[in-house]
1. Report, ordered by chain and residue number, the aspartates and glutamates lying within cross-link reach of A:Lys96, taken as a straight Cα distance under 18 Å and ignoring same-chain residues fewer than 8 apart.
2. What pairs in B:Lys194/B:Lys237; A:Lys157/A:Lys228; B:Lys111/B:Lys231; A:Lys116/A:Lys157; A:Lys228/A:Lys248 have C-alpha atoms more than 24 Å from each other?
3. If a paramagnetic tag sat 7 Å from the Cα of A:Ala230 along the Cα-Cβ line, which residues of the stretch A:143-178 would have the backbone N under 15 Å from that point?
4. Could you pull out every residue, at least 5 positions away or on a different chain, whose amide H is within less than 5 Å of the one on B:Ile51? Hs are placed 1.01 Å off N in the peptide plane, and Pro or chain starts have none.
5. Mind listing the phi-derived Karplus ³J(HN,Hα) values for the stretch A:345-360, rounded to whole Hz, using 6.51, -1.76 and 1.60 with θ = phi - 60°, and x for any glycine or proline?
6. For an R0 of 25 angstrom, estimate the FRET efficiency from the Cβ-Cβ distance between B:Asp127 and B:Ser228 and round to the nearest 0.05.
7. I want to make sure I understand the PRE zone here: with the label point 7 angstrom from the Cα of B:Leu243 toward its beta carbon, which residues in the stretch B:182-200 have backbone N atoms less than 13 Å away?
8. If you build a Gaussian network model of chain B, linking Cα atoms that sit under 10 Å apart, which residue out of B:Val165, B:Val133, B:Val196 swings the most?
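The values are calculated or read from the model by the stated rules, or taken from the named source; none is laboratory data. Source: prediction; values computed, not measured. Cβ placement follows ideal geometry from the backbone for every residue including glycine, while neighbour counts extend to all protein chains displayed. These area figures cover heavy atoms from the full protein model, side chains too; ligands, DNA and RNA do not enter into them. Shrake-Rupley method; radii C 1.70, N 1.55, O 1.52, S 1.80 Å.
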Amino acid sequence: MDSKNFRIPSGCSICGIMNKKGRVFSGNDIIQSIALMHERSNGLGGGFAAYGIYPEYKNYYAFHLFYSDKNAKEETEHFLHQHFDVILGEKIPTRKIKSIKNPPLIWRYFLKPDSKRILLSDIEEENDYVFSCVMKINTYIKGAYVFSSGKNMGAFKGVGYPEDIGDFYRLDEYKGYIWTAHGRFPTNTPGWWGGAHPFTLLDWSVVHNGEISSYDTNRRFLEMYGYKCALQTDTEVITYTFDYLVRKQGLSLETAVKIVAPPFWSEIERLPKKEADFLRTLRYVYSSLLINGPFSIILGMSNGMLALNDRIKLRPLTAAVHGEFLYVASEESAIREICPQPHRVWAPKGGEPVIGFLEK
Amino acid sequence: MAVSINYKGLNFRQAGELLKKAAADGEKQINLFNVNGQRYIAAGLKGNFFINIHGTPGNDLAAYMDGPEIFVMGNAQDGCCNTMNSGRVIINGSVGDIAGYAMRGGELFIKGNAGYRTGIHMKEYGDTVPVLVIGGRTGDFLGEYMAGGIIIVLGLGMEPCDEIVGNFCGTGMHGGVMYIRGKINPHKLGKEVKSVEMEEKDYILLEKYLKQFCAYFNESLHIIEESSFQKIVPFNKRPYGNLYTPH
């Protein structure tokens with residue numbers, strides 16, 4: 001975590017795979033897919049999000065933590081024992097990989113929120129309680145960073161090429177029904193372990209190619225609702241924006257998309273009155289959550305996956321379906337590497353989401 | 001004699017060296033198999049020979065290419081024919097974004113659809129005029145900042161909900177010409193372009209390239225010939241000439 005001041009000016013790669021029936025498959029496919037786009041990243045960050053990997057602990061929050069040193073670990077574990085029943089705490093298994101240097105201490109904990117503490121606090125929802133604990137650790141405990149906090153899911157990330165990071169974390173040994181991945185080519189922000197994608201909160205995970213010019217506008221709005229942007233990377237505001245709009249405000253994903261990547265005013269003018277009024281209202285009420293700048297993102301959640309481009313498609317994105325699988329990636333070849341002849345391949349328009357939900 | 005190269009598992013550098021060597025050896029037909037994602041295929045290659053590509057070539061296919069003819073059995077990705085100088089690329093499929101980016105000569109024929117910013121900043125000089133023919137539809141910003149060359153969009157195989165071109169078509173265009181089959185809604189056009197009447201010479205030019213298109217992809221010429229075309233040209237050669245300096 002000592003390379004925070006390291007800057008290299010220069011795309012990224014993203015990809016995601018989902019089995020719509022919720023059947024699990026190993027991390028090999030996602031590693032193979034992201035590895036094909038090796039040239040899109042520069043070794044300064046790689047990461048994965050996986051859903052369905054902890055079935056035996058699926059009722060507990062799975063926290064993944066980076067510690068820069070033992071003190072950070074001790075302090076954090078003290079905090080965790082105060083706020084949760086710690087069902088299990090262990091090192092996340094890793095392999096020695098030549099190209100992965102100076103990893104932090106990497107631990108995971110399966111946690112049950114302390115119900116008495118929730119009752120005593122002014123927080124009603126269990127998720128909000130967990131949320132506030134994540135924010136507290138990331139803000140106040142020096143050298144500790146919760147990089148994953150959902151149930152039956154986990155993020156795995158670090159500094160290195162994504163295929164090496166996948167090997168480092170032994171992702172071939174995990175099985176999930178949704179996998180997303182990122183290869184980083186940092187532009188405006190430093191390459192450090194915490195700064196690698198995905199950015200997660202509760203069940204949400206985001207991998208992102210691009211940059212957010214509205215970062216400060218978005219951040220200032222989100223901070224009013226308790227979100228602390230502490231990671232020196234623009235992407236975390238995307239995760240918090242979806243958490244706020246969908247979990248806290250109760251909006252549908254489709255509506256949230258119309259807020260972060262709204263139609264242009266000129267397009268709204270051409271729509272039927274009712275629809276135009278609705279879109280105008282969204283733009284007025286949530287103007288601070290419009291995400292400006294070039295982006296393609298994949299949002300992972302426990303019941304599905306969403307891929308989205310900025311409105312004028314300044315970053316690449318291809319989608320495909322084949323049988324029970326939905327694929328999205330920066331490049332078509334990354335999909336064909338693991339699914340040579342998909343049933344359908346298409347390029348989504350800017351601002352037009354690709355949404356896959358698990359079939360119940 | 002034809003020579004074959006198996007691209008399976010090769011990175012773009014290794015693959016590029018093999019292709020360059022085959023070209024230097026004077027091969028007239030080079031077949032590339034199991035291509036998947038390798039960038040810069042045929043980038044900068046000069047000469048008079050054919051390359052057949054089986055698979056999905058990576059970004060910047062035929063960038064700076066000067067002479068060869070490429071046939072792709074499948075889709076191509078972003079940046080196809082980036083700054084190409086001469087030669088021909090035929091895609092029996094669709095392409096990603098910015099196809100024909102800054103293309104300065106040669107021909108690109110696409111059977112299916114093209115993505116965003118197709119033909120961005122194409123240019124021409126004297127007799128060197130690049131040509132881009134798209135069988136399907138395109139995304140937003142078709143011919144953005146176009147300075148020269150010819151773009152033809154046919155809109156074949158569209159679903160009822162599809163539109164032949166996206167928004168902001170011809171934004172910043174200041175040279176060249178686009179022919180779009182059928183009628184397009186005026187709001188699709190950028191501020192810098194206008195639709196004008198087709199003339200005899202336009203039909204002669206269209207026929208030449210449409211015959212080629214139909215021959216490459218087994219389409220029937222009369223389906224295309226029976227439709228009307230809209231000709232799009234810029235208002236002005238220097239749309240932003242007075243942006244910072246008053247008249």
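1. Filter leaves A:Glu163, A:Asp164, A:Asp167, A:Asp172, A:Glu173.
2. Numbers: B:Lys194/B:Lys237 13 Å; A:Lys157/A:Lys228 20 Å; B:Lys111/B:Lys231 21 Å; A:Lys116/A:Lys157 34 Å; A:Lys228/A:Lys248 16 Å.
As for pairs spanning more than 24 Å Cα to Cα, those are A:Lys116/A:Lys157.
3. Only A:143-149 fall inside the zone, counting backbone N under 15 Å.
4. Here B:Ile30, B:Glu69, B:Ile70, B:Phe71 satisfy the definition.
5. Result, rounded to whole Hz: 10, 8, 9, x, 6, x, x, 9, x, 9, 10, x, 10, 5, 7, 8.
6. Values: r = 29 Å, r/R0 = 1.16.
Computed FRET efficiency for B:Asp127 and B:Ser228 comes out at 0.30.
7. Answer for the stretch B:182-200: B:192.
8. Top of the fluctuation ranking is B:Val196.
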